[in-house]
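The values are calculated or read from the model by the stated rules, or taken from the named source; none is laboratory data. What you see is a predicted model; the values in this text were computed from it and never measured. Ideal geometry is used to build each Cβ from the backbone, glycine not excepted, and the neighbour counts take in all protein chains shown.
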Amino acid sequence: MTMLHQSMPDSHWAATAVAAPDIRPLDETVQADVAIVGAGVTGLSTAIHLAEQGVRAVVLEAQEPGFGGSGRNNGQIIPTLSRLDPANLTSAYGEETGTALARMVGGSAELVFDLIRRYQIRCDGVQKGWIQPAHRPGRMAAVEKRVAQWRALGAEVDLLDAGQTERALGTGFWHGAMVAPTGGHVNPLSLARELARAAIGLGVRIHGASPVTAIDRAGGGWRLATPQGSVTADRVVLATNAYTDGLWPGLRRSIVPVLNFQMVTEPLPARLRDSVLPSDMACSDTRGDLYFFRWTADNRLVSGCTLVRSANADSRARERVRERIRRVFPQAGDPAIARNWSGHLAMTADFRPHFHELAPGVVGAVGYNGRGMALGTAVGRELARQAIGARPRDLALPFTAVKPLPFHDLVSRFARLYMLHLRRLDRTG
Ligand SMILES: Cc1cc2nc3c(=O)[nH]c(=O)nc-3n(C[C@H](O)[C@H](O)[C@H](O)COP(=O)(O)OP(=O)(O)OC[C@H]3O[C@@H](n4cnc5c(N)ncnc54)[C@H](O)[C@@H]3O)c2cc1C
């Protein structure tokens, strides 16, 4: 079974995060009510919400908490899906289920910051809002519709005109925006490590360097094997997203992993924070080939990009992001990039996150399409409710069958070409 990466990338988060919790590989046979595979935000949130209800959970992680997307991302805490609005969800799943899913998404950023407050999580969390500015004047109609849909669900979102957007972001580059005030940004690796600490404090066992190599039926439940031990549990939650391997037949082939670069600038003069993103919101615009920026606690800008070609990727990614910063925030000068790292996004063909009941007592959540920090946290809470016995109709998760993509290897190899299509769309409307 292969993992996409074997060691933690040399990221800004790895350089500045709180220390990793002291966890060991599983080297015995243990029993649990629920076994969770993957210690990213989804698995850890599931574990916390189970433990809060007195349910015994064990988390098995192939590497260490935050090793996957959860420790590598931009740290934007966003209460929306990447390409879909509430109306897309109701047309996909029907009024009741689609609305329940949309409400869960709309409340997801608040859930993250609520956990941060409740468990005194140290992750440089800033809840000053998430902003999605329109990159062309014609895109404002879609932004207005989006705002109206979220407001109809009772979500607290604002619509900014071009002048208000310029004041919030310190640039006239965009044409208006949607703001979700419950959003914000964090050091994502610190968040993952601190969620692990909180879970351990509630009695959850977490084992790192413990890849699950097989899941088999055992009695009325399941047995999960790792190289040196095993867990038997009534229920299993697979929370492996883009880092899904061949553990469960077909699951890996139902998503397309897409490499995305993240990078930080050298520290910038503190005075620039008054003119570059002065609102300190997390910002990702309406492009398909997203422009996104945020500040760190130590005055660096964090951004990133996806490339179509892999040749000279490191230098080309750095130059692409520098060029964006020069264009969007000319007042920042031309800051050098201090670190560049990467991670895989889990894309789905329908852009929806996928929730699966894989077998009686085994569930999985994959396909967050690059927006899983708040979403995964909220999904974890629902998966915990499901494991405790909530009725399917009381859950916000529409469970669907796993659909492996035809020609998956080929599709994965050429997925980045899709970026060319997105860039073409970005030039219209
Ligand atoms: C570069 C990048 C930037 C992003 N930016 C943002 C952003 O700003 N905001 C946002 O909301 N989202 C963002 N995302 C998406 C977000 O990071 C993910 O959606 C989210 O972290 C998924 O969390 P997860 O817990 O489901 O999975 P992950 O965090 O990927 O965790 C899965 C874990 O499962 C483990 N695993 C896999 N197989 C096994 C096995 N057999 N046994 C044991 N363990 C196993 C892996 O080691 C991994 O640690 C970004 C993603 C990337 C890659």
TODO: Would you check which residues across the stretch 178-228 are polar (S, T, N, Q) and out of contact with any Gly (no Cβ under 8 Å at 6 or more places or on another chain) and list them?
DONE: SER190, THR213, THR226, GLN228
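From ASP124, ASP114, which residue is more than 29 Å from GLY389 (Cβ to Cβ), surrounded by fewer than 22 Cβ atoms within 10 Å (Cβ to Cβ) and of a type outside the set (A, V, I, L, M)?
ASP124
A quick yes/no check of all residues on (1) surrounded by 20 or more Cβ atoms within 10 Å (Cβ to Cβ); (2) over 18 Å from the mean Cα position of the chain (by Cα); (3) within 21 Å of SER70 (Cβ to Cβ); (4) touching a residue at least 60 places away in the same chain (Cβ under 8 Å):
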| position | (1), (2), (3), (4) |
| --- | --- |
| GLY219 | no, yes, no, no |
| ARG223 | no, yes, no, no |
| PRO227 | no, yes, no, yes |
| ILE255 | yes, no, yes, yes |
Open item on the list: With within 14 Å of the ligand (Cβ to nearest atom) and either more than 24 Å from the chain's Cα centre (by Cα) or more than 19 Å from ILE116 (Cα to Cα) (or both) as the only criterion, which of VAL237, VAL186 stands out?
Closed with: VAL237
TODO: Kindly check whether there is at least one residue in the stretch 214-224 that is in contact with a strand residue (DSSP E or B) (Cβ under 7 Å, 6 or more places away or on another chain), in a loop (DSSP other than H, G, I, E, B), within 11 Å of the ligand (Cβ to nearest atom) and of a type in the set (A, V, I, L, M, F, W, C).
DONE: no
Open item on the list: Given the condition surrounded by 21 or more Cβ atoms within 10 Å (Cβ to Cβ), within 30 Å of ALA225 (Cα to Cα) and touching a helix residue (DSSP H, G or I) at 6+ places or on another chain (Cβ under 7 Å), answer yes or no: does some residue in the stretch 130-148 qualify?
Closed with: no
Open item on the list: Is it the case, given these coordinates, that LEU81 is more than 8 Å from the ligand (Cβ to nearest atom) and part of a loop (DSSP other than H, G, I, E, B)?
Closed with: yes
- [ ] Within the stretch 38-47, identify whether any single residue is more than 8 Å from the ligand (Cβ to nearest atom) and over 18 Å from the mean Cα position of the chain (by Cα), and answer yes or no.
- [x] no
TODO: Return yes when THR29 is under 21 Å from ILE116 (Cα atoms) and either of a type outside the set (Lys, Arg) or touching a residue at least 40 places away in the same chain (Cβ under 8 Å) (or both) and no when it is not.
DONE: no
Task: Close pairs (8 angstrom Cβ cut-off, 6 or more residues apart or separate chains): more than 16 Å from HIS185 (Cα to Cα) and of a type in the set (A, V, I, L, M, F, W, C) in the stretch 64-78, part of a loop (DSSP other than H, G, I, E, B) and within 6 Å of the ligand (Cβ to nearest atom) anywhere - done: PHE67/ALA39; PHE67/GLY40; PHE67/GLU61
Task: Any hit, the stretch 259-267, residues being surrounded by fewer than 18 Cβ atoms within 10 Å (Cβ to Cβ) and under 18 Å from the mean Cα position of the chain (by Cα) - done: yes
Open item on the list: I need every pair where a residue in the stretch 319-333 that is under 14 Å from SER284 (Cα atoms) has its Cβ under 7 Å from the Cβ of a residue that is in a helix (DSSP H, G or I), sequence separation at least 6 or different chains.
Closed with: ILE325/ALA332
Open item on the list: Let me confirm something: among TRP341, TRP295, which residue is crowded, with 17+ Cβ neighbours inside 10 Å, more than 9 Å from the ligand (Cβ to nearest atom), under 23 Å from the mean Cα position of the chain (by Cα) and of a type in the set (Phe, Trp, Tyr)?
Closed with: TRP295
- [ ] Pick out the one residue from ALA20, ALA14 that is within 22 Å of VAL126 (Cβ to Cβ), away from the ligand (no atom under 11 Å from the Cβ) and under 21 Å from the mean Cα position of the chain (by Cα).
- [x] ALA14
Open item on the list: Criterion first (at pLDDT 95 or above and near the ligand (Cβ under 6 Å from one of its atoms)) does ASN74 satisfy it?
Closed with: yes
TODO: Considering only the stretch 350-383, state which residues are part of a helix (DSSP H, G or I) and farther than 19 Å from GLY106 by Cα.
DONE: none
Open item on the list: With the structure loaded, tell me whether ARG167 is farther than 28 Å from ARG103 by Cβ and within 19 Å of the chain's Cα centre (by Cα) or whether it fails that test.
Closed with: no
TODO: For the stretch 396-429, enumerate the residues that are in a helix (DSSP H, G or I) and touching a Pro at 6+ places or on another chain (Cβ under 9 Å).
DONE: SER412, ALA415
Open item on the list: Out of everything in the stretch 268-292 that is among the hydroxyl-bearing types (Ser, Thr, Tyr) and over 18 Å from ARG136 (Cβ atoms), what residue ends up being farthest from the chain's Cα centre (by Cα)?
Closed with: SER275
Task: Positions within the stretch 246-274 being part of a strand (DSSP E or B) and either on the phi > 0 side of the Ramachandran plot or away from the ligand (no atom under 12 Å from the Cβ) (or both), in sequence order - done: VAL256, VAL264, THR265
